[in-house]
Amino acid sequence: MSISSLPRILVTLATYNEKDNVEPLVKEILHTVPAADVLVIDDNSPDGTGKLADDLVAADPRVHVLHRPGKLGLGTAILAGMRHAMDNDFDWLVNMDADFSHHPRYLPALLAGMKDHDLMIGSRYVTGGATLNWPWTRRLMSKAVNMLARFLMRIPAHDTSGAYRCFAVALLRRTPLDRIVSRGYSFQEEVLYRCRLAGCRMGETPIIFEDRRAGASKVSLDEAVHSLRLIVLLGLRAFFGWDREKRAFGKKMCGKKWDRTINL
């Protein structure tokens, strides 16, 4: 697929204290896919990431920034990016981590797969994919969580928890995004489940996942445990057909203090 024939593409980067990563990452994305636009969704980063994003906007009309008032969580940031893509008539939405763990070198393969799919996943768990420099405990937990989500939610993908994905905006329009209750790590599984229910054709392409180049992880053990618990509850609801909108459930399980995510 030639660059000139590509649909309108939006790449979203949710940032919180990513000042050292955001500029080189945006430049690498635009070098790899010049036809794309990039939206930085910044949660009022204390390190000045938002101000740096404003400078990038001033220098390149393909770059945009959405400033949010505080750390509202990756799940809500991805949803904001999805709404921006729908409101501005983009055709494809790519979501990437902002710490270079998702390298732009895989964008061409991800986009090429959209010819036959509604959603493409940059996958660590298909042939050719891998994770680098992870302890065995993290690898084991990641694979166990993925197996659990695939089984309970019947998601036809090997990597259900990674965030490197390309969505057809037409798919997002027919997916009931307002029913998503997850705001942390479990968002990744739940949005795939909602897309599956909307009739999504899902594909995967291999990536090598590398830990961040700069900055510090925002993960805590409490957040990981809570997210795992929510995956189990959502999965059981899906498996036994209890998947009905329950506002009380969403409010109880998704308070602001859990508005964080990790890659597992």
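Where a number appears in this text, it was derived from the coordinates with a stated rule and is not lab data. Note that the structure is a prediction, hence the values are computed from the model and not measured. Positions of Cβ are backbone-derived with ideal geometry, glycine not excepted, and every protein chain shown enters the neighbour counts.
Quick rundown of the values:
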| quantity | calculated |
| --- | --- |
| Inter-label distance for Arg154 and Asn44, nm, one decimal - labels placed 7 Å from Cα along Cα-to-Cβ | 4.3 |
| Pairwise centroid distance, computed over Cα atoms, of region 133-156 with region 188-203, Å | 17 |
| Backbone N within region 90-104 under 18 Å of label point (7 Å from Arg8 Cα along the Cβ vector) | 90-95 |
| Pairwise label distance in nanometres, Arg179 with Met141, each label 7 Å out on the Cα-Cβ vector | 3.0 |
